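One structure is given below, encoded as structure tokens.
Derivation of every value follows stated rules applied to the coordinates shown; laboratory data play no part. Because the structure is a prediction, the values reported are computed rather than measured. Using ideal geometry, Cβ is built from the backbone for each residue, glycine included, and neighbour counts are taken over all protein chains shown.
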Amino acid sequence: LTTRRASASSYGDTEANDSILEGFTAEGDTALHVVVAASGYRNGDSFLESARIIYGKAKHLLFVQNNKGDTPLHCAARAGKSNMVACLIDLALAEDEGSRVMKELLRKENKHKETALHEAVRAGNKDIVHLLMGKDSELASFPQDGGASPMYLAIVLERR
């Protein structure tokens, strides 16, 4: 990990420090992205606990986008890790104005104008699709200013 200041759009900002939590990989992934990605290769609650610990020390990392524009939630949905998706959503909900923070996270688009729901549809993970839609039913209509909606993607990919 290299050190570069992480910013988090409208969610807020924290003081930069030289800790590993403020570092990035060459792909622009933060420590939270790395833990989410690692959970895709192994099972166990230790990755969920690691995500909670990282979040507790650097809350803004939940919203940081890597070089592709993906948040840790995008990565968890792509990896098909429903427990990690649920964990990240719960972390957002635990905040003041949790419902607003959660919706901001769920609706965050990457550079392809896709949300985590797009990733879940593409992966064919019905559990994650149901989880995300249960938290924000309007998510199926994103992006609102062009691009393919998750519903359109599901039809094209013949997902039910």
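Cross-link list Lys59/Lys103; Lys59/Lys126; Lys57/Lys111; Lys57/Lys113: which exceed 23 angstrom alpha carbon to alpha carbon? Violating the 23 Å limit, Cα to Cα: Lys59/Lys126; Lys57/Lys111; Lys57/Lys113.
If the chain linking Lys68 and Asp45 were pulled fully straight, counting 0.36 nm for each residue of separation and taking away their Cα-Cα distance, it would gain 5.6 nm. In summary, the aspartates and glutamates within cross-link reach of Lys68, defined as a Cα separation below 14 angstrom excluding same-chain residues under 8 places away, comprise Glu27, Asp29, Glu109, Glu114, Glu119.
Computed from the alpha carbon atoms alone, the convex hull of segment 30-90 holds 69 Å³ per residue.
The trypsin sites (Lys or Arg not before Pro) of segment 90-132 that meet both conditions, a loop assignment by DSSP and at most 12 other Cβ atoms within 10 Å of the site Cβ, are Lys111.
For segment 77-134, the set of GluC sites (Glu not before Pro) satisfying both a DSSP loop assignment and a count of at most 13 other C-beta atoms within 10 Å is given as Glu97.
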